[in-house]
Amino acid sequence: MFVLIVGGGKVGSYLTRALVGQGHEVVIVEKAERKARLLEQLLERNVTVVGDGCDPLVLEQAGLKRADVVIADTGDDEDNLVVCLITKKNSTAKCIARVNNPRNKLIFDSLDEKNPVTTISSTEVILDAIHKHVTAAPVSS
Amino acid sequence: MRYLIVGCGRVGSTLAKLLDADGHEVIVVDEDPNAFKRLGQKFKGHVVVGTGIDYDVLKHAGAAQADGFIAVTNGDNRNVMAALIAQRMFHIKKIVARIYDPTRGMMYRELGIDTVCPTTTGAKMIRDVLMEAPWDTLQSFDFGKVTSLTATIRAADAGKRVSDFERAGRIRIAAIRTGKSVRVAANDTVLAESDEINAIVAPEAISEFAQMFTDARVPEGVG
């Protein structure tokens, strides 16, 4: 599979390492050149495209048209939303997006009802874990 | 009308003051409380501190009852996200977002969001000033490079027909204003002095169009 990742932060770099290890083809789009170079050193692979992943031309250059999966994992919901908008417009790839504000999930859901964007909110995951912990804990009286 | 403005920068604050002065109810949202200083003492509207891409912040700001929504933060991505929240979660009818990137502006328009692109409009206005253009850029179509221009008919051209100024595929005259009345142009419409024409002009024909309405300059110091 060809996976396109936008955002070369911690999540992006660990994802790349794991996906490459599984034999997938991966390209990471990262705005900061220094960060991109560090990533290449770390991964010992030429997998980065330096540029703004919210720019349709940069995504096209990175291979958006032939991508099977696009992962929007920058730290900003608005940037991830734009990555999904461009992907939905220009390719048939499966979209996965990181969403910080759980409320924003609804907006990502509204982009494509047939082939919905998969959203992952760590805020929500933690909230769920707390909720489970609280409900599982014996009530002390 | 109740208008909700996200982003209290130069454009946001100026627009807020304009709408407020026109008697509208205006609410301005910005992350930075200091930004509201731009609104000045006379502003009668409301301000809300918070990010414009948060449902709860917009709800608190009264988005559910807003007639119009304007996203003018300094980030294109924030503006489109705020606009989508306004459209899909609050069902606000009129939504305008400022998008600096013309390509993306066009894409967002397909989503039902009106976009204003100061990049294209600004560049065209600067070009017009630079070329001492005898027209005003009325409206810039930022989804293409085609420009809508107005020019005034000179005495020397009175009696000419619309077709005399048209160039197939490059210059098309759309409308004519004579005094206060405006009509749609026909090929054989005869033009009078000081009639104002509105033309749709292709980028490669702009200087040609300019020449038709600029008096030929007599070079200084000749003869």
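The values are calculated or read from the model by the stated rules, or taken from the named source; none is laboratory data. On a predicted model such as this, the values are computed, not experimentally measured, just so you know. Quick reminder, even Gly has a Cβ in these numbers, built from the backbone with ideal geometry, and neighbours come from all protein chains shown.
Please determine whether any residue of the stretch A:17-37 is within 14 Å of chain B (Cβ to nearest Cβ), in contact with a Leu (Cβ under 9 Å, 6 or more places away or on another chain) and buried (at least 18 other Cβ atoms within 10 Å of the Cβ). No - not one qualifying residue is present in the stretch A:17-37.
Taking every residue in the stretch B:38-65 that is within 19 Å of A:D77 (Cβ to Cβ) and pairing it with any residue that is surrounded by 17 or more Cβ atoms within 10 Å (Cβ to Cβ) and among the hydroxyl-bearing types (S, T, Y), at least 6 positions away or on another chain, the pairs with Cβ-Cβ distances below 8 Å are B:G52/B:T73; B:V57/B:T51. Only residues that are assigned to a helix (DSSP H, G or I), within 14 Å of another protein chain (Cβ to nearest Cβ) and of a type in the set (V, I, T): list them for the stretch A:94-141, please. Correct list: A:I107, A:T123.
When the stretch B:88-110 is filtered for residues that are facing chain A (nearest Cβ under 10 Å), more than 28 Å from B:K124 (Cβ to Cβ) and either surrounded by 18 or more Cβ atoms within 10 Å (Cβ to Cβ) or in contact (Cβ under 8 Å) with a residue 60 or more places away in the chain (or both), only B:M89 remains. Picking from residues in the stretch B:61-77 that are assigned to a loop (DSSP other than H, G, I, E, B) and farther than 13 Å from B:K93 by Cβ, the one that is nearest to the other protein chains (Cβ to nearest Cβ) is B:G75. Of all residues in the stretch B:1-40, exactly one satisfies the criterion of being under 17 Å from B:H60 (Cα atoms) and among the small types (G, A, S), namely B:G7.
The set of residues in the stretch B:46-60 being more than 16 Å from B:V11 (Cα to Cα) and either modelled with pLDDT under 95 or not in a strand (DSSP E or B) (or both) consists of B:G50, B:T51, B:I53, B:D54, B:Y55, B:D56, B:V57, B:L58, B:K59, B:H60. Looking across the stretch A:43-87 at every residue that is in a loop (DSSP other than H, G, I, E, B) and of a type in the set (V, I, T), the one that is nearest to the other protein chains (Cβ to nearest Cβ) is identified as A:T74.
The set of residues in the stretch B:75-87 that are touching a residue at least 24 places away in the same chain (Cβ under 8 Å) and more than 18 Å from A:S110 (Cβ to Cβ) contains only B:D76.
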